[in-house]
Amino acid sequence: MKNYFFAIIFLALFFAGCSASSDKKEFTPSPVYNYVWVAQQLANTDLEKVANEDKPYLNFDPEKGTYDGFGGCNRLSGTFELTGNNIKFSPAAATRMACNSMAVEDNFLKTIEKVNSYKVEGKTLTLYTDGLAVLILNAMQ
């Protein structure tokens, strides 16, 4: 009888350990996860004149809750939180290469830190700060 008791306790602990939650963040499916998003307009700055390879972009990893991308000169990464139509970016960690003009990248990094909501329409992602559209990105697969 004693052996059965210990066997039941062991099995209960074993299965409880197997069902413990992992460190992965749970996420709600969202259209922001399906694409690499390339900036087209940044806080009243039209990026049409910027060469495609120099345009900032963002990519989201829903399982890790991280983003990565390019600011126009340097690679960048950070974390984000997505709840409904609200999004919050952590300050980006970026490589420190020097480029001829850092204006676009500086503006991009400052802008995403202030973003607090988003909207996806078709293949366009619009990021907002307090209801004002501050960054428009197009999907690239």
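The values are calculated or read from the model by the stated rules, or taken from the named source; none is laboratory data. Because the structure is a prediction, the values reported are computed rather than measured. Here the Cβ is made from the backbone with ideal geometry for all residues, glycine too, and neighbour counts use every protein chain on show.
For the reader, a short list of remarks on this structure follows.
- Residue match in the range 20-35 (condition: under 23 Å from the mean Cα position of the chain (by Cα), at pLDDT 90 or above, loosely packed, with under 14 Cβ neighbours inside 10 Å and assigned to a loop (DSSP other than H, G, I, E, B)): no
- Filter result for R75 (of a type in the set (D, E, K, R), more than 12 Å from the chain's Cα centre (by Cα) and modelled with pLDDT of 95 or more): yes
- The set of residues in the range 40-54 that are of a type in the set (D, E, K, R) and touching a residue at least 40 places away in the same chain (Cβ under 8 Å) contains only D54.
- For the range 45-59, filtering for residues that are modelled with pLDDT of 95 or more and either outside any loop (DSSP other than H, G, I, E, B) or surrounded by fewer than 15 Cβ atoms within 10 Å (Cβ to Cβ) (or both) leaves 3.
- Exactly one residue among E63, E105, E113 is outside any strand (DSSP E or B), modelled with pLDDT of 95 or more and not β-branched (V, I, T), and that residue is E113.
- Some residue of the range 71-91 being out of contact with any Asp or Glu (no Cβ under 7 Å at 6 or more places or on another chain), in a loop (DSSP other than H, G, I, E, B) and surrounded by 13 or more Cβ atoms within 10 Å (Cβ to Cβ): yes
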